[in-house]
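Here is the structure we will look at, set down as structure tokens.
The values are calculated or read from the model by the stated rules, or taken from the named source; none is laboratory data. These numbers come from a predicted model, not from an experiment. Using ideal geometry, Cβ is built from the backbone for each residue, glycine included, and neighbour counts are taken over all protein chains shown. All accessible areas refer to the heavy atoms of the entire protein, side chains included, with ligands and DNA or RNA removed. Shrake-Rupley method; radii C 1.70, N 1.55, O 1.52, S 1.80 Å.
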Amino acid sequence: MVTPFWKSKLQDIGEGMANVSKGTVRTLATSAGGREIPIVEYGLKEDFKRQANYSSACGAGNPAFYAQKDANAKPVLLIVGGIHGGELEGIAAVMNLIQVLETGADYRGKRYDYITENAHQFRLLLVPCMNPDGRARLPIDTLIDVSYEKFVYYMQGSWKDGTLCKWPECKAVHPIKEASAFLGSYFNDDGVNIMHDNFFAPMAKETSALLALADEEAVDFSVLLHGGANSEVHFTTIPYLPLYIANKHQDFNGMMAKAYAKNGIPFAERNLVYTDEGGYSFPSFNMTTAIHHVCGGMSLTFESNMGLDGPGVKLAPDEILDSHFVLFEEMFRFSLK
């Protein structure tokens, strides 16, 4: 049974958008399947006196040519759920965050005074579900207590011969649509996994829209919310980043480890500074990496526990939502340091 605060349906998103009054709702893009992708914005967009894109500004030796940000500039935070449409935890979390910003409490009635008292110091860009096509393909509203085999089917789908399309083999064919019998919720209706699009010539409108948003807004800190099966909550290592950004990631990682320990939430503090010694022979340049390279900001992939029926760590729905709000609060604190 879905708990009332678990707002993960496309209908839930639509109803939530209709109730936004303190923020501004607009359509960020239309998906491959013709579905609108809403974004909620809080705080006015500032003029950073841009005169070059981020790459060119760095080539000129001064990122201020891309965005002039003094001590009074509000940090721009971007939080995106549903990159993979079946990873419902991030969708529910963003919907609850919007509810907090609108009413002071989440859908459970739980207050987050630090967030509401400090939200005015940011420009917040919140996308509940970046992949509504994948979400529409998932026939259930929660993966809590779902078997691992069923989870794989719902996420990555099946090949033409009926066998499960497992991770990471689901990335071996891209776009995957013509190779699948059931197109899992990872993909838009064209079979594109937007985490692994061709970022120099995007196949998906969703990809172009998200990168354009990060570029136009000069985002300081973005997090893409994913589901990591029954793992401990963690961030993944993001390769192809300047060392100073990777070190900032690591500082935030350490800050999160302390916050999760304080809240009793299992967290795996991985080394986020990429080295070849990590055993990654072919590190991926994915959406998270691409976002950094268009705006220069911190860009992280957050892997939530999913509460599946199976081995590993199994969190309850309340604990999963709590783990996201620890993330949101610490993003605020880190950005205001």
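Scanning the stretch 42-62 for residues that are touching a residue at least 24 places away in the same chain (Cβ under 8 Å) and surrounded by fewer than 17 Cβ atoms within 10 Å (Cβ to Cβ) yields 44, 45, 46, 48, 50, 53, 55, 58.
When the residues of the stretch 212-232 are filtered to those that are more than 16 Å from the chain's Cα centre (by Cα) and charged (D, E, K, R), which remaining residue is least open to solvent (accessible area, probe 1.4 Å)? Step by step, filter the stretch 212-232, then rank; the result is 217. A single entry from 303, 269 fulfils the requirement of being open to solvent by 10 Å² or more (accessible area, probe 1.4 Å) and touching a Gly at 6+ places or on another chain (Cβ under 6 Å): 303.
Exactly one residue among 110, 74, 69, 49 is in contact with a strand residue (DSSP E or B) (Cβ under 8 Å, 6 or more places away or on another chain) and either among the basic types (Lys, Arg) or at positive phi (or both), and that residue is 74. Looking only at the stretch 310-318, decide whether some residue is within 16 Å of residue 253 (Cβ to Cβ), touching a residue at least 24 places away in the same chain (Cβ under 8 Å) and of a type in the set (D, E, K, R). For the stretch 310-318, residues within 16 Å of residue 253 (Cβ to Cβ), touching a residue at least 24 places away in the same chain (Cβ under 8 Å) and of a type in the set (D, E, K, R): absent.
Mind checking which residues of the stretch 281-295 are more than 16 Å from residue 210 (Cβ to Cβ) and either crowded, with 22+ Cβ neighbours inside 10 Å or touching a residue at least 40 places away in the same chain (Cβ under 8 Å) (or both)?
As a first pass, look at the stretch 281-295 and keep what is more than 16 Å from residue 210 (Cβ to Cβ): 281-284.
Those that are more than 16 Å from residue 210 (Cβ to Cβ) and either crowded, with 22+ Cβ neighbours inside 10 Å or touching a residue at least 40 places away in the same chain (Cβ under 8 Å) (or both): 283, 284.
Only one residue in 261, 209 is at pLDDT 95 or above, open to solvent by 30 Å² or more (accessible area, probe 1.4 Å), among the aliphatic types (A, V, I, L, M) and in a helix (DSSP H, G or I). Which one?
261
Would you mention how many residues in the stretch 313-337 are in a loop (DSSP other than H, G, I, E, B) and surrounded by 14 or more Cβ atoms within 10 Å (Cβ to Cβ)? Spell out the reasoning first.
Taking the stretch 313-337 as the starting set, the residues that turn out to be in a loop (DSSP other than H, G, I, E, B) are 313-316, 337.
Cutting the leftovers down to surrounded by 14 or more Cβ atoms within 10 Å (Cβ to Cβ) gives us 313-315.
Number satisfying all stated conditions: 3.
Kindly establish whether residue 123 is open to solvent by 10 Å² or more (accessible area, probe 1.4 Å), in contact (Cβ under 8 Å) with a residue 24 or more places away in the chain and not hydroxyl-bearing (Ser, Thr, Tyr). When the stated conditions are applied, residue 123 passes them.
Just one of the numbered conditions (1) touching a Gly at 6+ places or on another chain (Cβ under 9 Å); (2) of a type in the set (Gly, Ala, Ser); (3) in a helix (DSSP H, G or I) is not true of residue 185: (3). Each residue in the stretch 237-281 was checked for being under 13 Å from residue 298 (Cα atoms) and of a type in the set (Ser, Thr, Tyr), and 3 of them qualify. All conditions but one from (1) among the small types (Gly, Ala, Ser); (2) farther than 22 Å from residue 37 by Cβ; (3) open to solvent by 30 Å² or more (accessible area, probe 1.4 Å) apply to residue 104; the one that does not is (3). Only one entry in 91, 115 is closer than 30 Å to residue 151 by Cα, in a helix (DSSP H, G or I), modelled with pLDDT of 95 or more and not basic (Lys, Arg), namely 91.
For the stretch 63-85, the tally of residues that are surrounded by fewer than 24 Cβ atoms within 10 Å (Cβ to Cβ) and more than 22 Å from residue 120 (Cβ to Cβ) stands at 3.
For the stretch 109-120, residues that are farther than 16 Å from residue 40 by Cα and more than 21 Å from the chain's Cα centre (by Cα) total 7.
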